[in-house]
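Enquirer: One structure follows; several queries about it will come next.
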Amino acid sequence: FPTGGGKTEAYLGLAAFTMVLRRLRADPAGPLGCGVAVLMRYTLRLLTLDQLGRAATLICALELIRRERPERLGTWPFEIGLWVGQSATPNRMGKKGDNNDDSARSRTIAFQNDDKRKPPPIPIESCPWCGRGLKPSSFQLLPRMDEPQDLRVKCEGRCPFNGTKQLLLPIIAVDEPLYRRLPAFLIATVDKFAGLPFVAETGGLFGRVDRHDAQGFYGPADPGRGKAIPGGRLPPPDLIIQDELHLISGPLGTMVGLYETALDALCSTEKDLGTGGARPKIVASTATVRRADHQIQALFGRPRVRIFPPPGPNRRDSFFARTEAPSVVPARLYVGLSCPGRSLKVVLLRSYLALLAAAQAAYEAAGGEATRPNPADPYMTLLGYFNSLRELGGSRRIVEDEVNTRLARYAERRRVGETVGLFASRTIENLPLELTSRVPTAQVARTRERLALAFSEKGRVDVALATNMISVGLDIVRLGLMVVLGQPKTTSEYIQATSRVGRDANRPG
């Protein structure tokens, strides 16, 4: 389905349907509707962070509905879990005196003592329900600060999830409480599954628990806790969502394919449960993939593949999506620069200067900051795309030094006889931001927040430099201008990367 075509919204709706159906089918008095119902997997942490906000909003809505109808949807809350590496979320809760700087306790205390320089303990900046920014006091170590069992988040605004009536944000992002609470919706990166043979508690994610109490669920790794679950275990995940299927190729695809064999067995129900046995439904989403049936057979071992939307009699109208002419909906404008005999860095410098200065002229002509919204706002932030960190590193120095220096007097560049040129002088107030693998996860999250700010707001971004980290899932509708240095190696990468800008028809890219 095309980039920006609504894939995420479609499978979030499917996930909500799956979670509610599991609760309706189960006995609301017991725990059988609980456990992980939807397993959502990504390959990149930026993508995981981007989708966490959207999925968390959905879970907040489901939880408010459940609280109104506990007799039908059960007493155990709907929750979302973030199961990613230690660089993004703490894997352990920690306790006083353990000297573990990466524990949830240490990160929370460090953030509360110095929130200006320390990142939040989990990568979430604002309330997914009301949008209000989270404060240091939003992160709570429960039940005791010295020996916490859980890290929970509350909103500080007039919001249902502000802690009144014990209603906190339904987000679990530390591994230890996640294995105990088994959130209905689990977001993970594919590399996390490498820990399955080494961490016994991960069996709970696939329903391998036999006891429960008010705090959660327990399996063989936690003997002697809780009372027995009727039926002996929870059901395994019903739905697996694999986003951006085209990224799982080459050596990564080989490794993921090996783990899929085990995952498929863990997620399947045995015939002795009286159900006849069932495998989970797998939905793989992507905007660009070739030979999908071949790739899915190699990765998941599933011969039956249904492609949506199905091909129709007209390639421009599949009933679910229709190709509109550029005269009806403005399309992205692609301009190629071919400069034989000139160095790539000179081409980069000249193109950045022209685009930044021309955007400034258009912004001022439309009324500047006094006009809100300013129609030139999408083009005031330039997003630079690079195929490698080496190319990005060399170009960053050019942006910081030469681009900034020359832009200050760029209005003087006029054609012969012109009194008013095409350009305006400009000062880049902030250093260019990076969206790359070498930037800490908390900083990546803040960069995303700042990219969405209008140019008239404090914290605006003039230039952001990125690698293929942004080529999937980054959904910031404000962005309208991108410069790609060097053609990406594959056509799918080119389509995916350039579709990060111009995602709003009123602000074409």
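The values are calculated or read from the model by the stated rules, or taken from the named source; none is laboratory data. On a predicted model such as this, the values are computed, not experimentally measured, just so you know. For neighbour counting, all protein chains shown are included, and Cβ atoms are generated from backbone atoms with ideal geometry for every residue, glycine included. These area figures cover heavy atoms from the full protein model, side chains too; ligands, DNA and RNA do not enter into them. Shrake-Rupley method; radii C 1.70, N 1.55, O 1.52, S 1.80 Å.
Enquirer: How far apart, in nanometres, would the label points at V439 and E457 be if each is projected 7 angstrom from Cα along the Cα-to-Cβ direction?
Expert: In this crude label model, V439 to E457 measures out at 1.6 nm.
Enquirer: So who's got an amide H within less than 5 Å of the one on A505, skipping anything under 5 residues away but keeping other chains? H placed 1.01 Å off N, in plane.
Expert: none
Enquirer: Please compute the modelled spin-label separation between R291 and K95, points set 7 Å along Cα→Cβ, answer in nm with one decimal.
Expert: 5.5
Enquirer: Would you please state which residues of region 390-411 a label at E418 would reach in this model, taking the label point 7 Å out along Cα→Cβ and a backbone N cut-off of under 19 Å?
Expert: Those under the cut-off are 406-411.
Enquirer: Grab the beta carbon distance between R144 and F198, set R0 = 30 Å, and tell me the FRET efficiency rounded to 0.05.
Expert: Calculated transfer efficiency: 0.55.
Enquirer: For the pair V328/E68, report the inter-label distance in nm, with labels modelled 7 Å from Cα in the Cβ direction.
Expert: Roughly 3.7 nm, to one decimal.
Enquirer: What is the list of residues in region 1-39 whose amide nitrogen lies under 13 Å from a point 7 angstrom out from the Cα of K227, following Cα to Cβ?
Expert: Of the residues in region 1-39, 29-31 have backbone N under 13 Å from the label point off K227.
Enquirer: Let me ask something else. Based on DSSP H assignment, which helices of the chain show an axial Cα extent of at least 20 Å together with a mean Kyte-Doolittle hydropathy greater than or equal to -0.5?
Expert: Span-like helices in the chain: 7-25, 45-68, 250-267, 344-365.
Enquirer: Okay, moving on. Quick check for you: with a 1.4 Å probe and neighbouring chains kept, what is the accessible area per residue of region 74-176, in Å²?
Expert: 48
Enquirer: For n ≥ 4 DSSP H runs only, could you compute -39500 (n - 2.57) per run for the chain, divide by its residues and tell me the 222 nm figure to the nearest 500?
Expert: Helices in the chain give a 222 nm mean residue ellipticity of -9000 deg cm²/dmol.
Enquirer: Can you tell me what share of the DSSP beta bridges in the chain is antiparallel? A percent to the nearest 5 is fine.
Expert: Working: 15 of 47 bridges.
Of the beta bridges lying entirely in the chain, close to 30 percent run antiparallel.
Enquirer: Please list 78-91, 208-221, 253-266 highest first by mean number of surrounding beta-carbon atoms within 10 Å per residue.
Expert: 78-91, 208-221, 253-266
Enquirer: Step through the table entries K7/K165; K118/K154; K95/K135; K95/K154; K96/K165; K281/K489, compare each Cα-Cα distance with 24 Å, and write down the pairs that go over it.
Expert: Violating the 24 Å Cα-Cα cut-off are K7/K165; K96/K165; K281/K489.
Enquirer: Which label belongs to the value computed from this structure, given these candidates for volume of the Cα convex hull per residue in Å³: (i) 185; (ii) 151; (iii) 198?
Expert: (i)
Enquirer: If you don't mind, there's one more thing I want to ask. May I ask you to order 332-341, 171-180 by the average number of other C-beta atoms within 10 Å around their residues, highest value first?
Expert: Output ranking for 332-341, 171-180: 171-180, 332-341.
Enquirer: Given 0.36 nm per residue, what is the gain on full extension from E364 to L24 after removing their alpha carbon distance, in nm?
Expert: 116.7 nm
Enquirer: Quick one: Karplus J couplings for region 414-425, per residue in order, coefficients 6.51, -1.76, 1.60, θ = phi - 60°, nearest Hz, x for Gly and Pro?
Expert: 9, 6, 4, x, 7, 9, 10, x, 7, 10, 10, 5
Enquirer: Within region 339-422, report the GluC sites (Glu not before Pro) that DSSP leaves as loop and that have at most 14 other Cβ atoms within 10 Å. It would help to have the intermediate numbers written out before the result.
Expert: Working: sites: E364, E369, E391, E400, E402, E412, E418; in loops: E418.
Those satisfying the criteria are E418.
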